[in-house]
Amino acid sequence: MTFDRLSSVFLSNTNHEEDQPVHLQVKDMGLQKRSEHDVYAGPSTRYCPAGVYEWVETDGEETFVINAQNCVHCKTCDIKDPNQNINWAPPQGGEGPVYSNM
Ligand code: SF4
């Protein structure tokens, strides 16, 4: 039996206010495109257990999309990004997954 990632994110009851500052900060978006996407083929789309990161093609351009509201605070991106270009910061108000209720 398998489960898709977003169903498992739902079970974690993760919640972030829509209008809060993004707690996943990319230091250099240009480097993210040149290296994370062009050289390493976008590993963030695979290592993030919550499917937070996506490379979306818009008008022929690949854009890095961060669905920060789904983050389950594992900090894998902070460690695994090949250029250490993603910084995980505690979200405003201490929001996030409610593991104690699982
Ligand atoms: S902390 Fe974990 S769940 Fe959140 S964006 Fe990074 S890899 Fe994904």
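Just rank Cys71, Cys77, fewest to most, by other beta-carbon atoms within 10 angstrom. Numbers along the way, then the final one.
Values: Cys71 27, Cys77 22.
Lowest count first: Cys77, Cys71.
Under the convention that each Lys and Arg Cβ holds +1 and each Asp and Glu Cβ holds -1, the size of the dipole of region 5-85 around its Cα centre is about 440 debye.
The tail of the calculated P(r) for region 5-85 beyond 18 Å holds 42 percent of all Cα-Cα pairs.
Nearest 500 deg cm²/dmol is fine: what mean residue ellipticity at 222 nm does the chain get from its DSSP H runs of n ≥ 4 alone, each adding -39,500 (n - 2.57), divided by its residue count? Display every interim value, and only then the final one.
On the way: 3 runs with 16 residues, N = 102.
Calculated from helices alone, the mean residue ellipticity at 222 nm is -3000 deg cm²/dmol.
Test of understanding: ordering Val56, Val72 by Cβ neighbours within 10 Å, fewest first, what list do you get?
Exposure proxy ranking, most exposed first: Val56, Val72.
With neighbours defined as other Cβ atoms within 10 Å of a residue's Cβ, the residues Ser12, Ser100, Ser44, Ser7 order from fewest to most as Ser100, Ser7, Ser12, Ser44.
Only the coordinates and a few stated rules stand behind these numbers; no lab work does. These numbers come from a predicted model, not from an experiment. Heads up, the Cβs are rebuilt from the backbone with ideal geometry, glycines too, and the neighbour counts pull from every protein chain shown.
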